[in-house]
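Remarks on the structure that follows.
The values are calculated or read from the model by the stated rules, or taken from the named source; none is laboratory data. These figures come from a predicted structure and were not determined experimentally. Cβ coordinates were reconstructed from backbone atoms using ideal geometry, including for glycine residues, and neighbour counts include every protein chain displayed. Protein only, heavy atoms only, side chains kept; ligands, DNA and RNA dropped before computing areas. Shrake-Rupley method; radii C 1.70, N 1.55, O 1.52, S 1.80 Å.
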Amino acid sequence: MKHALFSCYYKDGIEDFARELERLGYKIISTGGTLKVLKEAGVEAIDVAEFTGSKDMLGGRVKTLHPKVHAGILYRREKPEDVKEIKELGTEPIDIVVNNLYPFKDTYLSGASDDDIIEKIDIGGPSMIRATAKNYKYTTIITDNEDFNVVLEEIKANGNTTLETRRELARKAFMLTAYYDAWIAKYFNEKAEIDFPELLTLPLKKEHELRYGENPHQRGVAYELYNGDPSALGTAKQYQGKELSYNNYNDAAATVEMVKLFNERPTCVAVKHTNPCGIGEADTIYEAYEKAYSCDDQSIFGGIVGFNKEVDAKTAEELVKIFLEVIIAPSYSKEALEILAKKKNLRVLEIPDIVNKREKGFEMKVLAGTVIAQDFDSKEDNELELKSNRSATDDEIKDLKFAMKAVKFAKSNAVVIVKDGATVGIGLGSVNRFFAVEQALKQAGDKANGAVLASDAFFPFDDCVRLLAEHGIKAIVEPGGSLKDQLSIDAANELDVSLLFSGNRHFKH
């Protein structure tokens with residue numbers, strides 16, 4: 001007689017599946033709560049303790065961890081030595097195992113006590129799953145209740161599942177146990193406060209296929225990676241528009257990180273290719289958007305706009321005047337949503353906790369044969385050291401701090417010119433810092449006069465300071481640290497420019 005062993009936390013559909021297996025000649029074995037559900041449904045299931053001849057031990061921790069269970073699963077049906085040992089052991093073959101593991105992830109994320117979390121580390125389940133999957137030539141493992149119908153159809157048609165199906169179910173099973181163990185490893189690493197363990201496993205769950213990757217000839221997929229951040233992009237509510245593309249995900253994630261830095265006054269961040277193309281703060285969201293837009297009214301086309309306050313109708317009326325890919329905000333007024341709905345393809349995302357700063361975490365880049373990882377750059381430049389004779393005014397200090405936040409997310413080499421709470425010139429992605437300064441000044445034009453500038457890294461020579469002073473820049477902040485810092489300091493004093501050092505470099509490659 002063939003046997004099917006059921007031990008399921010998620011029990012949807014198991015009664016019908018077990019009854020069908022009974023009609024097909026299978027004897028049903030089960031455990032605990034699963035056994036109760038099956039018996040109440042009229043299935044003539046037997047307790048695994050009856051099958052093994054051993055009662056549950058240690059409060060139910062030991063039920064299926066028994067030679068009769070694992071030998072019944074693992075033995076090779078055509079191998080005479082295995083058949084002989086099975087008979088000597090007095091056990092029966094177990095041909096199907098249905099198991100879907102304790103809810104460790106949900107318990108862990110619920111804020112449960114450590115004792116409750118530890119009790120949800122399944123032992124018998126993964127052992128049975130791995131054993132059945134390893135022996136897929138002979139045994140069928142089901143870890144997803146959605147696979148019941150496929151298994152039944154093949155048994156009815158062929159008397160057994162096909163080798164191809166058993167191999168596919170084994171693949172799914174090993175993916176499940178690997179994902180499950182990755183969550184357990186994540187828990188223990190977090191308890192030990194280890195960010196970069198010697199063996200890194202990440203619990204990644206496929207969300208959906210993307211239309212394509214960065215370019216149409218590349219495939220793209222989105223995976224869920226939980227990092228404990230309630231304001232991460234994956235938490236967003238999408239009101240309208242198409243699904244996010246690969247590039248949308250990338251740009252939107254950068255937008256969210258930028259918005260987090262501006263949590264005092266109403267602020268708008270416009271982003272293109274993960275770079276800021278305009279940032280403005282003001283007394284209202286509408287005015288903040290106007291400032292961001294005026295920085296670069298061309299690059300914003302086809303970009304992403306993020307806000308740190310609710311989007312109102314007046315702002316929405318401006319947003320629909322141009323082509324935008326995505327809008328992100330903590331909330332929208334009812335009227336604003338009605339206005340934005342006029343643009344059917346515009347993706348409108350809501351992240352209520354968007355301004356919550358991310359204090360921890362790491363970033364990764366996948367290279368050829370190597371993955372590099374680093375801490376998330378959460379460093380804020382709060383302490384500025386005056387290096388020149390001229391002191392910056394209070395208003396200039398405000399703009400300098402604004403500029404330091406803005407330049408942090410521009411690709412290196414990067415500089416940002418700010419005036420009255422708005423970016424007016426951005427130089428980024430240059431191989432030479434002087435080129436970045438030239439680019440920013442060209443964009444700023446006459447607005448550079450009386451403005452301030454922040455640089456993501458030090459000036460190696462005094463040429464940048466001299467060019468900036470020539471265009472009316474009155475205050476500069478840079479990290480310092482060059483062997484030739486004194487050249488820049490001397491130039492600032494000569495030209496009556498305020499020069500401050502932040503002490504922190506913010507390269508973004």
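Beta carbons closer than 8 Å, at least 6 apart along the sequence or on distinct chains, pair a first residue in the stretch 391-403 that is outside any helix (DSSP H, G or I) with a second that is open to solvent by less than 20 Å² (accessible area, probe 1.4 Å) for S391/S498; A392/L400; A392/V452; A392/A475; A392/S498; A392/L500; T393/A475. Taking the listed residues I300, I304, the one that is buried (at least 21 other Cβ atoms within 10 Å of the Cβ), closer than 20 Å to A232 by Cα and of a type in the set (A, V, I, L, M) is I304, with no other qualifying. In the stretch 79-119, which residues are more than 30 Å from N189 (Cβ to Cβ) and free of Cβ contacts under 8 Å to residues at least 24 places away in the same chain? Listed by number, the residues that qualify are K79, P80, E81, D82, V83, K84, E85, I86, K87, E88, L89, G90. What about T315, is it at pLDDT 90 or above, of a type in the set (S, T, N, Q) and more than 21 Å from G427 (Cβ to Cβ)? For T315, the condition - at pLDDT 90 or above, of a type in the set (S, T, N, Q) and more than 21 Å from G427 (Cβ to Cβ) - is met. Every condition in (1) free of Cβ contacts under 8 Å to residues at least 60 places away in the same chain; (2) closer than 23 Å to D420 by Cβ; (3) surrounded by 14 or more Cβ atoms within 10 Å (Cβ to Cβ) holds for E281 except the one numbered (1). Scanning the stretch 261-278 for residues that are out of contact with any Ser or Thr (no Cβ under 6 Å at 6 or more places or on another chain), part of a loop (DSSP other than H, G, I, E, B) and either buried (at least 19 other Cβ atoms within 10 Å of the Cβ) or free of Cβ contacts under 8 Å to residues at least 40 places away in the same chain (or both) gives L261, F262, E264, H273, T274.
Identify all residues within the stretch 183-208 that are over 16 Å from the mean Cα position of the chain (by Cα) and of a type in the set (S, T, Y); write none if there are none. The answer is Y187, and nothing else.
Restricting the stretch 309-337 to residues that are open to solvent by 10 Å² or more (accessible area, probe 1.4 Å) and touching a residue at least 40 places away in the same chain (Cβ under 8 Å), the residue that is farthest from D229 (Cα to Cα) is L337. Taking residues in the stretch 129-151 that are crowded, with 24+ Cβ neighbours inside 10 Å, and partners anywhere that are among the aromatic types (F, W, Y), the pairs with Cβ atoms closer than 6 Å and at least 6 places apart or on different chains are A133/F174. Identify, please: which residue in the stretch 276-290 is out of contact with any strand residue (DSSP E or B) (no Cβ under 6 Å at 6 or more places or on another chain) and of a type in the set (D, E) and is, among those, farthest from N308 (Cα to Cα)? My answer is E290.
State whether one or more residues within the stretch 470-481 are among the β-branched types (V, I, T), open to solvent by 20 Å² or more (accessible area, probe 1.4 Å) and over 19 Å from H509 (Cα atoms). No, there is no match, as no residue in the stretch 470-481 is among the β-branched types (V, I, T), open to solvent by 20 Å² or more (accessible area, probe 1.4 Å) and over 19 Å from H509 (Cα atoms). Restricting to the stretch 169-202, count the residues that are β-branched (V, I, T), under 20 Å from R130 (Cα atoms) and without any contact (Cβ under 8 Å) to a residue 40 or more places away in the chain. Number satisfying all stated conditions: 1. Could you give me the residue pairs with C-beta distances under 7 Å whose first residue belongs to the stretch 156-168 and is closer than 8 Å to T140 by Cβ and of a type outside the set (A, V, I, L, M, F, W, C), whose second residue is in a helix (DSSP H, G or I) and open to solvent by 40 Å² or more (accessible area, probe 1.4 Å) wherever it lies, and which are 6+ apart or on separate chains? Qualifying pairs under 7 Å: T165/V150. Among the residues of the stretch 482-499, the one identified as in contact (Cβ under 8 Å) with a residue 40 or more places away in the chain, among the hydrophobic types (A, V, I, L, M, F, W, C) and open to solvent by 10 Å² or more (accessible area, probe 1.4 Å) is I489. Could you please let me know if D377 is free of Cβ contacts under 8 Å to residues at least 24 places away in the same chain and either out of contact with any helix residue (DSSP H, G or I) (no Cβ under 9 Å at 6 or more places or on another chain) or open to solvent by 20 Å² or more (accessible area, probe 1.4 Å) (or both)? In short, no. Which of the residues spanning the stretch 338-357 are assigned to a helix (DSSP H, G or I) and open to solvent by 40 Å² or more (accessible area, probe 1.4 Å)? The answer is E338, and nothing else. Residue pairs whose Cβ atoms lie under 6 Å apart, separated by 6 or more positions or on different chains, with the first residue in the stretch 451-477 and of a type in the set (S, T, N, Q) and the second surrounded by fewer than 24 Cβ atoms within 10 Å (Cβ to Cβ), do not occur. In the set V416, V424, V407, V452, only one residue is open to solvent by less than 20 Å² (accessible area, probe 1.4 Å), under 22 Å from L495 (Cβ atoms) and in contact with a Lys or Arg (Cβ under 6 Å, 6 or more places away or on another chain); that residue is V424. Scanning the stretch 22-44 for residues that are closer than 13 Å to M1 by Cβ, modelled with pLDDT of 90 or more and open to solvent by 20 Å² or more (accessible area, probe 1.4 Å) yields E22, L24, G25, K27. Residues in the stretch 102-128 that are β-branched (V, I, T) and in a loop (DSSP other than H, G, I, E, B) were compared, and the one that is surrounded by the most Cβ atoms within 10 Å (Cβ to Cβ) is I121. Any idea which residue in the stretch 203-260 is least open to solvent (accessible area, probe 1.4 Å), counting only those that are in a strand (DSSP E or B) and of a type in the set (S, T, N, Q)? Among those that are in a strand (DSSP E or B) and of a type in the set (S, T, N, Q), it is Q240. Might you let me know whether the stretch 290-305 holds any residue that is assigned to a strand (DSSP E or B), within 28 Å of the chain's Cα centre (by Cα) and within 21 Å of D381 (Cβ to Cβ)? Checked the stretch 290-305: no residue is assigned to a strand (DSSP E or B), within 28 Å of the chain's Cα centre (by Cα) and within 21 Å of D381 (Cβ to Cβ).
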